[in-house]
Amino acid sequence: MIVRNQGFTLLEVLLAITVLGVVVAMLSISLSGTLRVVDATERQAEVYHQAQTTLRRITEDLSAALATKEMGFIGKKSEQDGQRADTLVFASLAHLVLNPEQQKPGVAVIRYQLQVDTEDVRTLRLLRSDDLLLPGVDTGKEEASGSGFLLADNLRSVRFGYLNRQGQEFDSWGGALGASESQDVQPLPAGVHCTLEFWLDPDKETAQIFSTSVLIPAGIVVAKGKDEN
């Protein structure tokens, strides 16, 4: 009896390699798609968290805003590469005391200003500065120094809208919309509408918009008092 060793033919080997290649390619496509979805989800979750934190901080600062002789409420409409990049300066009781041994609570001058990100000029960084208001110093006339704590990055635009008690919205506040020369204290807006636009993917030009409206009690009370007179 003769026993013959049987093996795979060349055609069978090539067919097996082809099938294996197709399976590996399908797994690679599926895996890469899953990774893209995971990355996009993580990026979006980070944006949502950053937006929530930023809007909460802005809300607390504006809710405690007040009018003083040393510091007016100044909101300026600005643009960066065709996108809104507004700035805001005002006095507020929302002074952050990070070191009680060296810092004291009190009325603070709070500034919101934007810087272009040096790593990607398409994106903006929102900075917040918080300095105690010194009596007799007209800090409202000081220009923004560009310094402060980073509050949010990867921004496309920042827009502030200012509402008077009649519900009219303005792109800026202070100066012509503020107090006259005969007034001691500039009036506050009754509310501020804040809109933040975060990049999701600058290359694909996809972004996410977050907004909130903040009532300013001091502005409403003062407005009521003037209306009654």
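The values are calculated or read from the model by the stated rules, or taken from the named source; none is laboratory data. This one's a predicted model, so the numbers in the text were calculated from it and none came from an experiment. Because the Cβ atoms are built from the backbone with ideal geometry, glycine has one as well, and the counts that use them run over all protein chains shown.
What the table shows:
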| item | result |
| --- | --- |
| Selection status of Lys204, in a helix (DSSP H, G or I), exposed (fewer than 12 other Cβ atoms within 10 Å of the Cβ), of a type in the set (Lys, Arg) and modelled with pLDDT under 90 | no |
| Checking Ile2 against (1) of a type outside the set (S, T, N, Q); (2) at pLDDT 85 or above; (3) surrounded by fewer than 17 Cβ atoms within 10 Å (Cβ to Cβ), the condition it does not meet | (2) |
| Selection status of Asp131, acidic (Asp, Glu), at pLDDT below 90 and either in contact with a Pro (Cβ under 6 Å, 6 or more places away or on another chain) or not in a strand (DSSP E or B) (or both) | no |
| Selection from the range 150-173 of residues that are in a loop (DSSP other than H, G, I, E, B) and of a type in the set (Ser, Thr, Tyr) | Ser172 |
| Check on Ser145, at pLDDT below 95 and hydroxyl-bearing (Ser, Thr, Tyr) | yes |
| Residue, surrounded by the fewest Cβ atoms within 10 Å (Cβ to Cβ), within the range 51-85, restricted to residues that are out of contact with any helix residue (DSSP H, G or I) (no Cβ under 8 Å at 6 or more places or on another chain), within 16 Å of Phe160 (Cβ to Cβ) and of a type in the set (Val, Ile, Thr) | Thr59 |
| Strands (runs of 3 or more DSSP E) enclosed by the range 52-117 - at least 2 residues per element that are among the small types (Gly, Ala, Ser) | 87-92 |
| Filter result for the condition that a residue is within 22 Å of Gly82 (Cα to Cα) and modelled with pLDDT of 90 or more, over Leu126, Leu188 | Leu126 |
| Test: Glu60 is free of Cβ contacts under 8 Å to residues at least 12 places away in the same chain and under 22 Å from Gly174 (Cβ atoms) | no |
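Here is a yes/no grid of residues against (1) surrounded by 10 or more Cβ atoms within 10 Å (Cβ to Cβ); (2) closer than 25 Å to Glu197 by Cα; (3) modelled with pLDDT of 80 or more:
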position	(1), (2), (3)
Ser30	yes, no, no
His49	yes, yes, yes
Thr87	yes, yes, yes
Leu98	no, no, no
